[in-house]
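S.K.: Attaching a single structure in structure tokens format; questions to follow.
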Amino acid sequence: MSNLFPITPVQNNKFLVSWPKWQNIKHFDTKKRLLAVLFADIGSDEVGIAIMAGVLSGGEIDVMWINSTTWAQDVNGEYARYLEDMYDIKGVAFNREDEAIKFQDYLEKKYIWKTLQL
């Protein structure tokens, strides 16, 4: 099932978990929840939000890094609001492969349970 949320090694020994078959995460609440999952549930200290800034960027993916301290201090969700207004999220980069695998596993479990409830 891991092909639904592939892990791709990227530059500087980072690991990208993406969801290429689905659309961008668009809404504020979803982006805020994504950050909570990454820091609270997965337990990452730092993650990179893989973004596509739009047509002008030529469709290239860039990574914006955020650490757990910045996320914890963002009680109003301003970072998620900034992401909502400016970027299409296409995946999440991790410094360690074990964190990428843990996130991939999390996504697969959520997907399976949602599919079974239909």
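The values are calculated or read from the model by the stated rules, or taken from the named source; none is laboratory data. Worth saying up front: this structure is predicted, and the values here are computed from it rather than measured. Virtual Cβ from ideal backbone geometry, glycine too; neighbours counted across all protein chains shown.
S.K.: Which number in (1) touching a Phe, Trp or Tyr at 6+ places or on another chain (Cβ under 6 Å); (2) without any contact (Cβ under 8 Å) to a residue 40 or more places away in the chain marks the one condition that T115 misses?
M.R.: Single failed check for T115: (1).
S.K.: Cβ-Cβ below 9 Å, separation at least six or inter-chain, first residue in segment 1-26 and modelled with pLDDT under 85 and among the small types (G, A, S), second surrounded by 12 or more Cβ atoms within 10 Å (Cβ to Cβ) and in a strand (DSSP E or B): which pairs?
M.R.: Every condition considered, no pair remains.
S.K.: Which one is surrounded by the fewest Cβ atoms within 10 Å (Cβ to Cβ) among residues in segment 87-111 that are without any contact (Cβ under 8 Å) to a residue 60 or more places away in the chain and in a helix (DSSP H, G or I)?
M.R.: Residues of segment 87-111 that are without any contact (Cβ under 8 Å) to a residue 60 or more places away in the chain, as a first pass: 87, 98, 105, 109-110.
Among the residues that remain, those that are also in a helix (DSSP H, G or I) are: 98, 105, 109-110.
Values: D98: 9, D105: 14, K109: 11, K110: 11.
Ranking the qualifying residues of segment 87-111, first place goes to D98.
S.K.: Please go through segment 73-118 and pick out each residue that is modelled with pLDDT under 85 and among the small types (G, A, S).
M.R.: G77, A80
S.K.: Looking only at segment 60-86, which residues are of a type in the set (S, T, Y), surrounded by 16 or more Cβ atoms within 10 Å (Cβ to Cβ) and closer than 14 Å to K32 by Cβ? Working first, answer last.
M.R.: So the first thing to find is which residues in segment 60-86 are of a type in the set (S, T, Y), and the list is 68-70, 79, 82.
Restricting the remaining residues to those that are surrounded by 16 or more Cβ atoms within 10 Å (Cβ to Cβ) gives 68, 79.
If the condition is that a residue be of a type in the set (S, T, Y), surrounded by 16 or more Cβ atoms within 10 Å (Cβ to Cβ) and closer than 14 Å to K32 by Cβ, then Y79 is the only one that fits.
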